[in-house]
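The values are calculated or read from the model by the stated rules, or taken from the named source; none is laboratory data. Small disclaimer: the values here were computed from a predicted structure and weren't measured. Because the Cβ atoms are built from the backbone with ideal geometry, glycine has one as well, and the counts that use them run over all protein chains shown.
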Amino acid sequence: MNTGNNLDKYRFPKTLSEQRRFLGLPYDEAIPSIPVLVWGLLTHKALFGMGLAVLFWFCIHSAKRGKGSMWLYNVLYWYFPTVLFRTVFKVIPDSSFRQWIK
């Protein structure tokens, strides 16, 4: 018998496109860009590091335009070693078995 609202135990985002962000960027754009920026600052080449970080961000942003973050994760899963992405893809098989998946 339901006496209360069962939806209270679930968290729903305000919109379906709401993503977690780091410094205003989605994680899949921030993770490659911020280390390049930090590298530029630590080697006293701030302008070069900033330009390279913006170039990385622009390439990633234009590659996934209109497709979302999971599209980029899926492309990386199929074309890079699976060991690199165990934090995102925990339950699915290794990408080398793609001939057997239908």
Practice problem: Report yes if some residue within the stretch 24-35 is part of a helix (DSSP H, G or I), loosely packed, with under 12 Cβ neighbours inside 10 Å and out of contact with any strand residue (DSSP E or B) (no Cβ under 6 Å at 6 or more places or on another chain); otherwise report no. | Solution: no
Restricted to the stretch 55-73 and to residues being crowded, with 16+ Cβ neighbours inside 10 Å and either aliphatic (A, V, I, L, M) or free of Cβ contacts under 8 Å to residues at least 12 places away in the same chain (or both), the residue farthest from Leu25 (Cα to Cα) is Leu72
On the basis of being modelled with pLDDT of 90 or more, of a type outside the set (Phe, Trp, Tyr) and buried (at least 16 other Cβ atoms within 10 Å of the Cβ), does Leu52 make the cut? yes
